[in-house]
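Reviewing the structure listed below.
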Ligand code: C5P
């Protein structure tokens, strides 16, 4: 499958058209960014680790009835996917309070959130991804109330499946962000990626961080070891390619 035209170059991924109008090729680059892209470094093989981790997670979600844009992994860092018209909402699910939640609200770091919390932020770096509510989503014309309900339900299902899958690998899913889009028939599918870039993952024994938070905290030299640890734990030996 040949990459044709570059249609979107994001902070860490590039999206290309293919000979099939309904499909895209997503290249996971080795870039790592923080602070709405203000800080950027290149991490060796990070794109491959994230693409392989994402592909594995998308397959697990599909096996559990969640529809995703994933079709195939063409190369270690190149994914073939259904073309989606992305909905500019970052759907965040939190099982444990930390990060921006404890910075912005009076809740103690580490508080278990039961039921899990679903939050929707506008995907727009220029506005620093402000939090949305139902009225704002309607006013901005981003999604209908029915679509918001669908996104909420899908995000909670993803949380259930992924929390169970990861805990078997000794990883606590603290929180994560997902993005959705519409295919050519208007079906809403999970898109983008699910990787240590967009999740907080803690070792279930030591509570050590295994995700991009290390980079956000400036511990750049520890980041790839954490990503490789996640890869080693969730990819069975006979599926390992790096
Ligand atoms: O920073 P905050 O606590 O709001 O992040 C919640 C979760 O969403 C974290 O897992 C973080 O990695 C993810 N996130 C993301 N992209 C953003 C904002 C948050 O992947 N732009």
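The modelled label-to-label distance between residue 216 and residue 107, using points 7 Å beyond Cα along the C-beta direction, is 1.4 nm. The convex hull built on the alpha-carbon positions of the stretch 85-221 has an orientation-averaged projected area of 9.5 nm².
Taking 7 Å steps out from each Cα toward its Cβ at residue 168 and residue 75 produces label points 3.2 nm apart.
The base-10 log of I(q)/I(0) for the chain, evaluated at q = 0.08, 0.10, 0.12 Å⁻¹, reads -0.28, -0.45, -0.67 [Debye formula, identical scatterers on Cα atoms, solvent excluded]. Every Cα-Cα pair in the stretch 6-82 was counted, and those over 19 Å apart are 40% of them.
Straightening the chain between residue 124 and residue 146 buys 5.7 nm, computed as 0.36 nm per residue apart minus the Cα-Cα spacing.
The fewest-to-most ranking of 111, 68 by surrounding Cβ atoms within 10 Å reads 111, 68.
Throughout, read-outs are computed from the coordinates displayed, never taken from laboratory work. Note that this is a predicted model, so its numbers are computed, not measured. Every residue, glycine as well, gets a Cβ built from its backbone with ideal geometry; the counts of neighbours run over all protein chains shown.
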